[in-house]
1. Amide H to amide H, which residues 5 or more places from Leu32 or on other chains are under 5 Å from it, using H placed in the peptide plane?
2. Rounded to the nearest 5, what % of DSSP beta bridges with both residues in the chain are antiparallel?
3. What's the angle, to the nearest 10 degrees (0 to 90), between helix 59-77's Cα axis and the longest principal axis of the chain?
4. At a Förster distance of 41 Å, what's the computed FRET efficiency of Arg322 paired with Asp20, Cβ-Cβ distance as r, to 0.05?
5. Using the Kirkwood formula over every pair of different C-alpha atoms, what hydrodynamic radius in Å results for the chain?
6. Please return the longest stretch of the chain lacking exposed loop sites, where GluC sites (Glu not before Pro) count only if DSSP places them in a loop and at most 12 other Cβ atoms lie within 10 Å.
7. Taking every alpha carbon pair in region 3-136, what does the distance histogram look like in 5 angstrom bins from 0, in percent?
8. Most exposed first by the Cβ proxy, i.e. fewest other Cβ within 10 Å, how do Cys251, Cys215 rank?
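Laboratory data are not the source of any read-out in this text; all were calculated from the coordinates shown. If you're wondering where the values come from, they're calculated on a predicted model, not measured in any experiment. Note that we place each Cβ from the backbone using ideal geometry, even for glycine, and neighbour counts take in every protein chain shown.
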Amino acid sequence: MAEFDLLALIHELGGNQRSDVLLGIGDDAAVLRITEGMDLVTCVDTLVAGVHFLPATPAWDLGWKSLAVNLSDLAAMGARPNWAQLALTLPNSEPAFVRDFMQGFLALAQREGVALVGGDTTCGGLAISVTAYGLIPPGQALQRDGAQPGDHILVCGVLGEAAGGLACLQAGGRSTEWSEVVLAKPRQERLVQRLQHPEPMLAAGLLLRGRASACIDVSDGLLSDLGHLCTASGVAAELWLDSLPHSEDLCALFNAEQVLDFILAGGDDYALCCTVPEALLVAVQDDLAKREIETHAIGRVVAGRGINVFDSTGHTFQPRRRGYEHFRT
């Protein structure tokens, strides 16, 4: 299929579905109507085969995840998503792949009211870039640089399961690091689902507006991303191992050391990690619980630099690693 035929297919599948899209797919650029009195929030993420996903990942899953990771960034800012653009780099112009990919992408886009308004296609190694746009009232964007000593550290969502799902796919069901518990296929499938179909925490982001002092989404691992937040805020953090949420599926399939590694440094969680002042903690937790958003208080912000992790005896715990980093030597 030629390039313009691929573009026509994408246009056919994902045409404009919002009244604020004045001109979408099919022209040199999109024309969007911004709601008066709102700020525009934008982000971009690129997924590369062999780096961000296994080459055998189904196209439907790639479509969903490519949008989900961007919506997670908007959630971390407290923004409501409106529009997205998609750039596909493909090794060949296979219409079946594009159709399946778009079905996954649009399943999430339509659920969250996001219109696909443009993009690009090109030939090369498989890579997917999505730019997402959202709106937020002026001055209400959650940022990384507002944490203060004494704030509580909360995690909204589940940690470690996506890394466990990746280990399941890579190991094919056998690994010396797995526990001796008999492997249950449904558990593996649930972990893989967490990896392939992350759920952006958009509702949590909206509830945290005006109450969280800082926020970040967990994409490269809890220690890595919380470290970014602490650096931006000029503070340090103390985490308590006993307060970290432990997935039943992870604990059934992996040994304790590996579970902690997944929770602290696994990445691909797309949970939200935020800091909340003491005076607002109970109200924030209650409101999140009313929306059935899993939330855990896992530590405190302190003066200084870096992150210290403490076990139940008060001794410092040394993690195996801190998280994922591109270009690490």
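1. For Leu32, the qualifying residues are Leu22.
2. Bridges in the chain that DSSP calls antiparallel: roughly 75 percent.
3. Long axis of 59-77 versus the principal axis of the chain: about 60 degrees.
4. FRET efficiency, Arg322 to Asp20: 0.50.
5. Mean inverse Cα-Cα distance, inverted, gives 20.7 Å.
6. Result for the longest clean stretch: 37-176.
7. 2, 11, 22, 25, 20, 12, 6, 2, 0
8. Exposure proxy ranking, most exposed first: Cys251, Cys215.
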